[in-house]
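Take a look at the structure below.
The values are calculated or read from the model by the stated rules, or taken from the named source; none is laboratory data. The model shown is predicted, which means the values in this text are computed figures rather than measured ones. Glycine gets a Cβ as well: all are built from the backbone with ideal geometry, and neighbour counts include every protein chain shown. Keep in mind that these areas ignore ligands, DNA and RNA; they rest on the heavy atoms of the full protein, side chains included. Shrake-Rupley method; radii C 1.70, N 1.55, O 1.52, S 1.80 Å.
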Amino acid sequence: MAGKTTRVVMPQLGESVHEGTISRWLVKPGDQVVEFEPMLEVDTDKVNAEVPAPVSGILREILAKEGETVQAGAEIAVVETVGDSKVTATPEAPAPAPKEEKLLPTGGEVPAKPAEGPAPSEPHRYSPGVQMAASDLKVYLSQVTGTGLGGRVTKKDVQDFAASAKAKRAARPAPAAPVAPGEGDQVVQLTRVRRLIAENMTRSKTTIPHAWQTQEVDMSGVVANRNANKAAFQKQEGFSLTYLPYVMAAALSALREHPEVNSSFNETELIVHRDINLGISVGLEDTLLVPVVRRADGLSIAGLARAVNDLATRARNKQLKADELSGGTFTVNNSGTFGTLFSYSVINPGQAGILTMEAIVDRPMAVNGMIGIKPMMYLCFSFDHRVLDGLQAARFLTSCRKWLEAVSLETPVY
């Protein structure tokens, strides 16, 4: 019996990555492809990823050739198999879908409401008509609220979402007129990653009402603890113990104390996340990456240091996996390593705040009526004012400060 065709589309390889370049096809037309086994390699400015086949069958046609840059959701191949649907290839193999429906992963962070009946761990499933409408209208299904039976997303839901998004774009103020270069000016074309960063930052500042607070922290205990442990740590781990894991540990303790900070604003509801997946800003020469330490609150100071060292090293070598750049619930930034004192960091969309540690500077301070020199640091907190009021933000920041000021020589690193 002749098989039917399955159209494979490009996955979204990260929260701010909306396109990828096909670097190499691992199969050719006529070859058999096996579900979950690598089918092609995709290169972005952030990651290089192997993309597995979403179904088993025979590859009949390659629609996007090697070297082509393809938008997420665009068709890239045709596989002959049983059933007639369009499927998104994903960089991580999901659990096999039931035979009567096909799975369309969408790369979004907030899952659509599940239909009645499936176990909570099962992914949401969409009909082929809904999938096709989402592809045609360039809509990520995870962002659409379903109005069908049991919260299922319908084709009309997708069309209404696309129309609403178009109306919001039309209502935005017109961009400023472009600046014409003057004589002797150099015109530098934006790289793909710089354009993506610009889009993400613009989205953050136009959709999130930012607010900002700072507190000054006495880092005497942290400095003493690090000085006492750094030689043994270097010998055992093979890399330096920095101040960043201490600040991460403080943030994690404060997030457990104030769970509302570890949340996402979702228009009509607040999603308070159970897991704390801590994003760490890694600045490179031409880009900024935010790899994620998952369930970071289960790690010691040394464990956090290992995780950061591993992610930062692989970020510089472009060896991060797609899922390591998504799923963050809160972010810590370390611009103080460059000597900054006050930073107003931009919140990553989908999160409620970002904590920035600044430079540690020896300053004269009043101690018991006397002047003493202490290592001081400003902690800066940008937060989503839809989620947090000033009082809640101040309580969170105070918890971070008190944790750091309570560190002593006896505080364990391991």
**OP:** Mind scanning Lys65/Lys318; Lys155/Lys321; Lys318/Lys402; Lys65/Lys321 and naming the pairs with a C-alpha gap bigger than 28 Å?
**Re:** Lys155/Lys321; Lys318/Lys402
Original post:
Does anyone have the angle between helix 301-316 and the longest principal axis of the chain? Alpha-carbon axes, 0 to 90°, nearest 10?
Top reply: 50 degrees
**OP:** Just the number, please: Stokes-Einstein D of the chain in µm²/s, Kirkwood Rh from C-alpha pairs, 10 °C, 1.306 mPa s.
**Re:** 67 µm²/s
Original post:
Taking a 1.4 Å probe, which of Phe239, Phe36 shows the most accessible area, and what order do the others take after it?
Top reply: Phe36, Phe239
Original post:
With all protein chains present, how much of the accessible area of segment 291-352 (probe radius 1.4 Å) comes from carbon and sulfur, to the nearest whole percent?
Top reply: 50 percent
Subject >> Computed accessible area, Tyr344, all protein chains, 1.4 angstrom probe, square angstrom >> reply: 120 Å²
Original post:
Using alpha carbons only, how many degrees (0 to 90, rounded to 10) separate the axis of helix 192-207 from the longest principal axis of the chain?
Top reply: 70 degrees
**OP:** Report Rg (one decimal) and Dmax (nearest whole number) for segment 266-414, counting Cα atoms only, units Å.
**Re:** 16.9, 54
Original post:
When only the heavy atoms of the protein chains count and the probe is 1.4 Å, how do Lys166, Lys318, Lys138 rank by accessible area, highest first?
Top reply: Lys138, Lys166, Lys318
Original post:
Any idea what angle helix 155-171 forms with the longest principal axis of the chain, computed on alpha-carbon atoms, 0 to 90 degrees, nearest 10?
Top reply: 50 degrees
Original post:
When the chain is treated as a GNM, springs tying every alpha-carbon pair under 10 Å, which of Ala74, Ala394, Ala180 comes out with the largest mean-square fluctuation?
Top reply: Ala180
Subject >> At 0.890 mPa s and 25 °C, Stokes D of segment 289-368 from Kirkwood alpha-carbon radius, µm² per second >> reply: 168 µm²/s
**OP:** Could you run the Karplus curve 6.51 cos²θ - 1.76 cosθ + 1.60 with θ = phi - 60° over segment 140-147 and give me ³J(HN,Hα) per residue in whole Hz, x for Gly and Pro?
**Re:** 8, 4, 5, 8, 9, 8, x, 10
**OP:** Take every DSSP beta bridge whose two residues both sit in the chain, then give the antiparallel share in percent to the nearest 5.
**Re:** 85 percent
Subject >> In Hz, Karplus ³J(HN,Hα) per residue of segment 335-347 (6.51, -1.76, 1.60; θ = phi - 60°; x = Gly, Pro) >> reply: 6, x, 4, 9, x, 6, 10, 9, 10, 9, 6, 8, 6
Original post:
How large is Rg/Rh for segment 210-301, to two decimals, with Cα atoms and a Kirkwood Rh?
Top reply: 1.02
Subject >> Solvent-accessible surface (1.4 angstrom probe) belonging to Arg194, in square angstrom, nearest 10 >> reply: 100 Å²
Original post:
Say a site is exposed when it is one of the GluC sites (Glu not before Pro), sits in a DSSP loop, and has at most 11 other Cβ atoms within 10 Å; what is then the longest site-free stretch of the chain?
Top reply: 286-409
**OP:** Taking only protein heavy atoms into account and a 1.4 Å probe, give the accessible area per residue of the chain in Å².
**Re:** 52 Å²
Original post:
How much accessible surface area, in Å² rounded to 10, belongs to the heavy atoms of Trp212 with a 1.4 Å probe?
Top reply: 90 Å²
Subject >> 11 Å beta-carbon shell around Leu270, net charge (K/R +1, D/E -1) >> reply: -3
